[in-house]
Every structure is written in structure tokens, then in C-alpha cells.
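The values are calculated or read from the model by the stated rules, or taken from the named source; none is laboratory data. Nothing here was measured: the structure is a model prediction, and the numbers come from that model. Using ideal geometry, Cβ is built from the backbone for each residue, glycine included, and neighbour counts are taken over all protein chains shown.
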Amino acid sequence: MGIFDRLLGRGKEIRCAVCGRVWKVPAKIDKEPKVIISVPRPDLPSGQCPICNSVYCQGCATLGKGGFFYMCPKCNEQLILTHEISSILSKHTRPYTPK
Ligand SMILES: [Zn+2]
Ligand SMILES: [Zn+2]
């Protein structure tokens, strides 16, 4: 990880525009984006703003009406779930297993 990966052009990263948290985009991108709505997790990205192209973590994005989607705090626009963000979410979200 780090400078060598960047020099080799591996491991694209996405960064939260507010707090600077960085996520590595998995090499395998999901073909079909899955929308995962759960408890807000600031350690995961929420989406990308279609206007300013900023990405926000779930802690920095504004929660929309009803809490079913996230909004851009700057543009007040609904964030979209790109394939890259969807892949990060599915990589970090484990299926719910009841105890
Ligand atoms: Zn953030
Ligand atoms: Zn925006």
C-alpha cells in the first residue's frame, strides 16, 4: 500500500470531500450496483454528488427525507451510488447473520 501502488497505477482511491477518509476501490467492480441501506456508517462512503462530483462518507453526507438516501451537503442534491462506491460497500458489508 502507499506510494508504490500509486506509481504502478493500482488501487484507485475515493476520498470523502469533508473528512478526507479514503477508500480503496476493489479491483473487481460490481456489474450491478446494489443499494444497501443500513445504519449510517461513517467508515463507508454514501455516494457521489452528480453536480460537484464530491464523494462523502455516511457520516459527512446529509441524510435525506425519511433517511432512505443521502444528500450532498453543498449542493443539496441526492447522492448517486456509482459502481465503484457500490463495490466498496459490498466489500465492507457482511451479510446479516442472526445469533
Ligand atoms: Zn467524511
Ligand atoms: Zn455536490
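The residue of segment 64-85 that is nearest to N53 (Cα to Cα), among those that are touching a Gly at 6+ places or on another chain (Cβ under 8 Å) and not in a loop (DSSP other than H, G, I, E, B), is I80. Figure legend. Inter-residue proximity from segment 73-91: first residues over 18 Å from L63 (Cα atoms) and within 16 Å of ligand 1 (Cβ to nearest atom), second residues modelled with pLDDT of 90 or more and not charged (D, E, K, R), beta-carbon distance below 9 Å, spacing 6+ or different chains. Indicated pairs: I88/I14; I88/W23; I88/V25; I88/L44; I88/P45.
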